[in-house]
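All remarks here apply to the structure that follows.
The values are calculated or read from the model by the stated rules, or taken from the named source; none is laboratory data. On a predicted model such as this, the values are computed, not experimentally measured, just so you know. Virtual Cβ from ideal backbone geometry, glycine too; neighbours counted across all protein chains shown. The accessibility values were calculated without ligands, DNA or RNA, using every heavy atom of the protein model including side chains. Shrake-Rupley method; radii C 1.70, N 1.55, O 1.52, S 1.80 Å.
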Amino acid sequence: MGWIERVFEGFLWKSRFIVVLAVLASLVSSIILFFIATADVAWIAWKAVHYYVSQIGGSASEGYDAFHSDVVGHIIGAVDDYLLATVLLIFSLGLYELFVSKIEEAERDARQSSRILLIKNLDDLKDRLAKVVLMILIVTFFKNVIHTTFDEPLNILYLGGGIFLVALALYFTHAHGKKGEEEK
């Protein structure tokens, strides 16, 4: 029975390498989102230059509100894409470090730069992902607020409540972060 158990345990232990598929897929997805967001920012920059060049000699306020809303919406969308790309990158690195191997280059580089990408355990990964996901939710909230009309007083109250809840979430996240730093 001993050799069967050793073979099975060896197979079981090596099965963790299946995570490499998720690591690669997350990394590719992250790269795609970084390119899409960058292309969107380049496109909106081109559109802004074109708008302002077309306004030379004319009234600069013609269609400005619609243009401004479009630009802000695209920029917030790009920030949203960048944040999601960051989540995927952190997830990819975290899975690799947790299941496959420590990234030696990250350990060496962390002495001189940020330690945000160093994942020591599942709680580290969860904490980093939760903070970035919260930022995505905040960006999405503000993206939706831009297109909200405040025709009724209740809508303004909803906006105030939403801002309060976002502030509360940030407060608790910050308080949790301070507590975690004190424990280290």
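Residues of region 1-14 that are exposed (fewer than 10 other Cβ atoms within 10 Å of the Cβ) and either in a helix (DSSP H, G or I) or touching a Gly at 6+ places or on another chain (Cβ under 6 Å) (or both): G2, W3, I4, E5, F11, L12, W13, K14.
Just name the residue that is modelled with the highest pLDDT out of those in region 150-162 that are under 22 Å from D65 (Cβ atoms) and either among the aromatic types (F, W, Y) or surrounded by 13 or more Cβ atoms within 10 Å (Cβ to Cβ) (or both). Walk me through it before giving the result.
Restricting attention to region 150-162, the residues satisfying the condition of being under 22 Å from D65 (Cβ atoms) are 150-152, 155-156, 159.
Narrowing further to those that are either among the aromatic types (F, W, Y) or surrounded by 13 or more Cβ atoms within 10 Å (Cβ to Cβ) (or both): 150, 159.
Numbers: F150: 65, L159: 71.
Taking the candidates together, the pick is L159.
Considering H176, H147, the condition of being modelled with pLDDT under 75 and surrounded by 11 or more Cβ atoms within 10 Å (Cβ to Cβ) is satisfied by H176 alone. Taking S61, is it among the polar types (S, T, N, Q), out of contact with any Leu (no Cβ under 9 Å at 6 or more places or on another chain) and either open to solvent by 90 Å² or more (accessible area, probe 1.4 Å) or at pLDDT below 95 (or both)? Considered against the rule, which asks whether it is among the polar types (S, T, N, Q), out of contact with any Leu (no Cβ under 9 Å at 6 or more places or on another chain) and either open to solvent by 90 Å² or more (accessible area, probe 1.4 Å) or at pLDDT below 95 (or both), S61 comes out as yes.
When residues in region 82-136 are screened for being modelled with pLDDT of 75 or more, open to solvent by less than 40 Å² (accessible area, probe 1.4 Å) and either over 14 Å from S30 (Cβ atoms) or not aliphatic (A, V, I, L, M) (or both), 5 of them pass.
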